[in-house]
Amino acid sequence: MVRLDEQPWPDVPERPLVIVPLGSTEQHGPHLPFTVDALVAAAVAVGAADATDAVLAPAMPYGSSGEHQGFPGTLSIGGEALAAVVVELVRSAGTWARSILFVSGHGGNAVTVRDAVIRMRGEGHDVAWLPCRPSVPPGVVPDAHAGRIETSLLLHLAPAAVRPHDDVDGHRGALADAMPELRDGRLRQVSPSGVLGDPRGASAQEGSALLAGMIADATARIRLWRVDGDGLLEAL
């Protein structure tokens, strides 16, 4: 693996696969840092790049996070700017790379990244994308934001950044019921804490297993390199 944040240009192989992690800077409840999505995307990208001898680009720390704008500290660049970043990165990398893969750690980036990747494939670039979607262990209720899954991942990746969370009160209803407010940027009205889920029961051990599963899934998809109509790398 070649890391562009650590190595000089002569180390870049001819016509490589380039993996670009995409994150966000948005609130993750009162117990997690703003950089959760970038940290997770970068960790998945590091593992997949190492397994496939890809070139790893630095993580993009900003994304489309308008639904979190009700919380101070949120830094969103919006969908239009994010799409422009994806388009221009593909055009730039396309002059020296064989293929480009975006690994997105923020669900709010998905539609924008999908549309930009489809556009770039239409220009003839071999580009694809993947969301960071962990396989939930048996007995664990899936959550959407800053709940048990992301808290476990951060307890593994950056334990010093995780604050006490046993008493954190999040929105525990069906996510579908909250979608109108989320689309209108009113997440704080749905959950004053900013959490969609329940962080109780999170552990570093569970986070390690979740991350390993995401890396294995991404690696398998990269080796197959079969892209669907949404620009998404397909599974075996």
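Points to keep in mind about this one:
- The residue pairs whose first member lies in region 199-214 and is surrounded by fewer than 20 Cβ atoms within 10 Å (Cβ to Cβ), whose second member is of a type in the set (A, V, I, L, M), and whose beta carbons are closer than 7 Å, counting only pairs six or more residues apart or on different chains, are 203/155; 204/155.
- Looking across region 1-39, the residues that are of a type in the set (A, V, I, L, M, F, W, C), more than 25 Å from residue 109 (Cα to Cα) and open to solvent by 60 Å² or more (accessible area, probe 1.4 Å) come down to 1, 9.
Residue-wise test of (1) closer than 16 Å to residue 28 by Cβ; (2) at pLDDT below 95; (3) buried (at least 23 other Cβ atoms within 10 Å of the Cβ).
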position: 75; (1), (2), (3): yes, no, no
position: 86; (1), (2), (3): no, no, yes
position: 95; (1), (2), (3): no, no, no
position: 137; (1), (2), (3): no, yes, no
position: 144; (1), (2), (3): yes, yes, no
position: 156; (1), (2), (3): yes, no, no
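- Of all residues in region 175-189 being open to solvent by 80 Å² or more (accessible area, probe 1.4 Å) and at pLDDT below 75, the one that is farthest from the chain's Cα centre (by Cα): 177
- The number of residues in region 48-73 that are assigned to a helix (DSSP H, G or I), at pLDDT 95 or above and open to solvent by 20 Å² or more (accessible area, probe 1.4 Å) comes to 3.
- Of all residues in region 30-47, one or more are under 30 Å from residue 186 (Cβ atoms) and part of a strand (DSSP E or B).
- Qualifying position, being surrounded by 14 or more Cβ atoms within 10 Å (Cβ to Cβ), touching a residue at least 12 places away in the same chain (Cβ under 8 Å) and not in a helix (DSSP H, G or I), among 90, 103: 103
The values are calculated or read from the model by the stated rules, or taken from the named source; none is laboratory data. Small disclaimer: the values here were computed from a predicted structure and weren't measured. Every residue, glycine as well, gets a Cβ built from its backbone with ideal geometry; the counts of neighbours run over all protein chains shown. What goes into the accessible areas is simple: the full protein's heavy atoms, side chains included, and nothing from ligands, DNA or RNA. Shrake-Rupley method; radii C 1.70, N 1.55, O 1.52, S 1.80 Å.
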